[in-house]
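Peer 1: Below is one structure. I have some questions about it.
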Ligand SMILES: [Mg+2]
């Protein structure tokens with residue numbers, strides 16, 4: 001069935017967030033390695049582990065999980081926007097969360113230095129902000145779709161953080177008829193409600209829409225739930241179970257075009 005609208009996920013579908021985060025860790029951990037002699041990769045692993053454990057210990061965890069904000073986004077987010085009370089709690093928590101995650105990571109490697117932890121906690125967000133990467137194919141595909149299909153960006157996350165990511169690659173925004181951020185809507189993918197909301201904004205029935213995303217448990221599951229065609233962009237050749245089955249699997253965004261006819 002010919003499609004009328006294409007819904008895109010943002011992180012790791014159009015924006016190369018993985019690379020931005022990885023390079024921010026690399027740069028920050030190298031600073032620590034130079035100052036203390038710790039192994040940079042070991043520190044990254046320790047900080048990722050400590051950050052995740054801390055993040056999951058907070059009262060806000062069910063909320064961040066539902067909206068779709070991961071622990072590593074928490075390491076550079078300010079949480080200045082969003083109407084729910086939990087965003088104000090996150091805003092309060094964020095500075096100590098960053099500091100603790102880095103300080104505990106250092107400590108796990110035998111370096112007891114809260115001052116350095118605090119310094120790294122501020123370096124990481126700056127490193128991340130200086131690296132807004134987009135995939136080479138992103139603009140090529142958007143150029144081919146623009147004017148032929150309604151385009152909507154459906155992204156999970158904290159409103160100010162997702163906007164900041166978009167501001168880092170400002171040329172993306174004008175391609176979209178609508179941009180929906182879960183933190184503004186109040187529920188994240190895979191909730192059927194946010195998918196229905198998106199289609200209502202477009203005035204399109206589920207069977208005339210197609211959702212493109214890199215995450216089975218959010219992008220693909222949600223689209224499948226409401227009867228929309230789902231396209232899994234699997235750039236890294238990951239294997240999947242048969243629990244969530246995408247309508248189509250592609251390795252490159254260019255492969256999307258024949259699926260729209
Ligand atoms: Mg994604």
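Peer 1: Conditions first: (1) touching a strand residue (DSSP E or B) at 6+ places or on another chain (Cβ under 8 Å); (2) within 16 Å of the ligand (Cβ to nearest atom). Residue 228 passes all but one, so which condition is the exception?
Peer 2: (2)
Peer 1: Please go through the stretch 1-20 and pick out each residue that is more than 29 Å from residue 227 (Cβ to Cβ), within 12 Å of the ligand (Cβ to nearest atom) and not in a loop (DSSP other than H, G, I, E, B).
Peer 2: Correct list: 18 only.
Peer 1: Next up: So which residues in the stretch 185-227 are more than 17 Å from the chain's Cα centre (by Cα) and outside any helix (DSSP H, G or I)?
Peer 2: Of everything in the stretch 185-227, those that are more than 17 Å from the chain's Cα centre (by Cα) and outside any helix (DSSP H, G or I) turn out to be 203, 204, 205, 209, 210, 226, 227.
Peer 1: What about residue 233, is it at negative phi and in contact with a strand residue (DSSP E or B) (Cβ under 8 Å, 6 or more places away or on another chain)?
Peer 2: Taking the combined requirement at face value, the residue satisfies it.
Peer 1: Inspect the stretch 42-59 for any residue being in contact (Cβ under 8 Å) with a residue 24 or more places away in the chain and more than 14 Å from residue 102 (Cα to Cα) and give the result as yes or no.
Peer 2: yes
Peer 1: Something else about it: For the condition under 14 Å from the mean Cα position of the chain (by Cα) and either farther than 23 Å from residue 238 by Cβ or part of a helix (DSSP H, G or I) (or both), what is the one hit in 180, 172?
Peer 2: Step by step, each of 180, 172 is checked, and only 180 is under 14 Å from the mean Cα position of the chain (by Cα) and either farther than 23 Å from residue 238 by Cβ or part of a helix (DSSP H, G or I) (or both).
Peer 1: Taking residue 64 as the residue in question, decide whether it is in a helix (DSSP H, G or I), within 16 Å of the ligand (Cβ to nearest atom), surrounded by 15 or more Cβ atoms within 10 Å (Cβ to Cβ) and modelled with pLDDT of 95 or more.
Peer 2: The answer is yes for residue 64.
Peer 1: Could you tell me how many of the residues in the stretch 194-207 are closer than 28 Å to residue 239 by Cα and away from the ligand (no atom under 16 Å from the Cβ)?
Peer 2: 2
Peer 1: Same structure, new question: If I filter the stretch 108-118 down to residues being assigned to a helix (DSSP H, G or I) and touching a helix residue (DSSP H, G or I) at 6+ places or on another chain (Cβ under 8 Å), which single residue comes out as farthest from residue 79 (Cα to Cα)?
Peer 2: Per the criteria, the residue is 108.
The values are calculated or read from the model by the stated rules, or taken from the named source; none is laboratory data. If you're wondering where the values come from, they're calculated on a predicted model, not measured in any experiment. Glycine gets a Cβ as well: all are built from the backbone with ideal geometry, and neighbour counts include every protein chain shown.
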